[in-house]
Every structure is written in C-alpha cells, then in structure tokens.
Amino acid sequence: MNDKNNENQFVFSASEIRQAGTYSAELNILPSEFADAFPGRDVLKKLSASLEFNAAGDEILLNGKISASLALDCSRCGKSIIKSFSDVFDESFPYSVEYINVRENIRETVSLMEPMKVLCSEKCKGRCPHCGKDLNEGKCSCVQENFSPFAALKNFRPGKKMI
C-alpha cells in the first residue's frame with residue numbers, strides 16, 4: 001500500500017482503503033519513535049501495532065491493538081522489571097480524507113499504558129522502612145513497631161476538652 005520506512009509507516013492512503021474495502025497492517029515500531037511519551041529514563045523497550053481499516057458507509061473505521069514492553073520499577077521494592085502490556089483503540093475518519101496518519105493514535109495509547117502502580121510480583125514484600133533491606137530476600141534485624149494511625153485517639157474522651 002505504501003513504503004513503510006520510519007518516516008511514513010504511520011500514514012495510509014485512504015483511497016486505497018476505500019477501494020479495497022478493508023486493509024490490515026502490522027507495524028514493528030522502533031521504541032525511539034515514542035520514547036518521549038514517558039518521562040524520565042528509557043521506559044519503552046518494544047512496540048508493535050496491529051491495525052485494521054474498514055471502509056463503512058461515509059467513514060473509514062480503524063481498530064488498533066498496541067503491544068509494548070516497558071522497563072519499570074516495582075512500587076514496593078524498587079527492583080527494575082520489564083513488563084508487557086497491550087491495549088486497543090478505535091477511531092473513525094471522514095470518508096473524504098486523502099491520508100490517514102495513525103501516529104497520534106498510537107502515541108496516545110502508548111502513553112496511557114504505564115500503570116499507576118507496578119509490582120514485580122503480587123507477593124512482593126517491599127523494603128524495610130527503617131533500614132531499606134529488600135524484604136523479598138529475607139527479614140531484616142529491625143524491630144518492627146505496630147503503628148496505628150488511631151493511637152492518638154487512645155485518650156480521647158467525648159465532651160472532654162483536648163489541649
């Protein structure tokens with residue numbers, strides 16, 4: 001359909017899609033193309049997209065699936081891990097367009113893939129808040145205090161003035 005070098009691999013001819021009625025594309029994308037979608041270090045490790053175009057009525061419909069591998073840090077222990085994620089998106093374009101550029105659709109989907117909280121495993125024990133030892137590797141020698149956020153209410157008596 002079109003020459004898929006790095007510059008135009010995201011651009012598709014709408015007239016060719018309309019003529020064929022449907023078109024599928026598999027893109028293996030260099031992570032550097034969307035490295036700026038994540039703040040900080042080199043997060044995006046692998047990226048691919050499956051695209052399905054359909055000419056329907058007075059519009060062209062796009063269904064896309066994005067698969068990515070992200071280098072992240074565990075929220076509990078801080079260990080660096082690589083996790084795979086996938087997400088889907090859909091978009092419609094007016095039948096009259098000449099070209100369809102999917103770069104921003106992919107960028108938006110990729111940038112929303114990073115989860116709020118990442119765990120190296122569901123059983124991750126995290127780090128000791130006192131000495132910083134990774135508790136997945138064994139217990140530390142710190143004395144663990146039973147802290148309760150309600151301890152300040154221990155002496156609270158209704159009707160008694162607190163100073």
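Structure notes:
- Test: E104 is out of contact with any His (no Cβ under 6 Å at 6 or more places or on another chain), within 30 Å of S13 (Cα to Cα), surrounded by fewer than 13 Cβ atoms within 10 Å (Cβ to Cβ) and touching a residue at least 40 places away in the same chain (Cβ under 8 Å): no
- A count restricted to the range 112-126 and to residues that are surrounded by 14 or more Cβ atoms within 10 Å (Cβ to Cβ) and closer than 14 Å to L44 by Cβ stands at 2.
- Picking from residues in the range 38-63 that are closer than 27 Å to P94 by Cα and under 15 Å from the mean Cα position of the chain (by Cα), the one that is surrounded by the most Cβ atoms within 10 Å (Cβ to Cβ) is A49.
- Enumeration of residues in the range 105-156 that are more than 30 Å from D90 (Cα to Cα) and among the hydroxyl-bearing types (S, T, Y): S121, S141, S148
- Test for S32: is it small (G, A, S), modelled with pLDDT under 95 and surrounded by fewer than 19 Cβ atoms within 10 Å (Cβ to Cβ): yes
The values are calculated or read from the model by the stated rules, or taken from the named source; none is laboratory data. Worth saying up front: this structure is predicted, and the values here are computed from it rather than measured. Neighbour counts run over all protein chains shown; Cβ positions are idealised from the backbone, glycine included.
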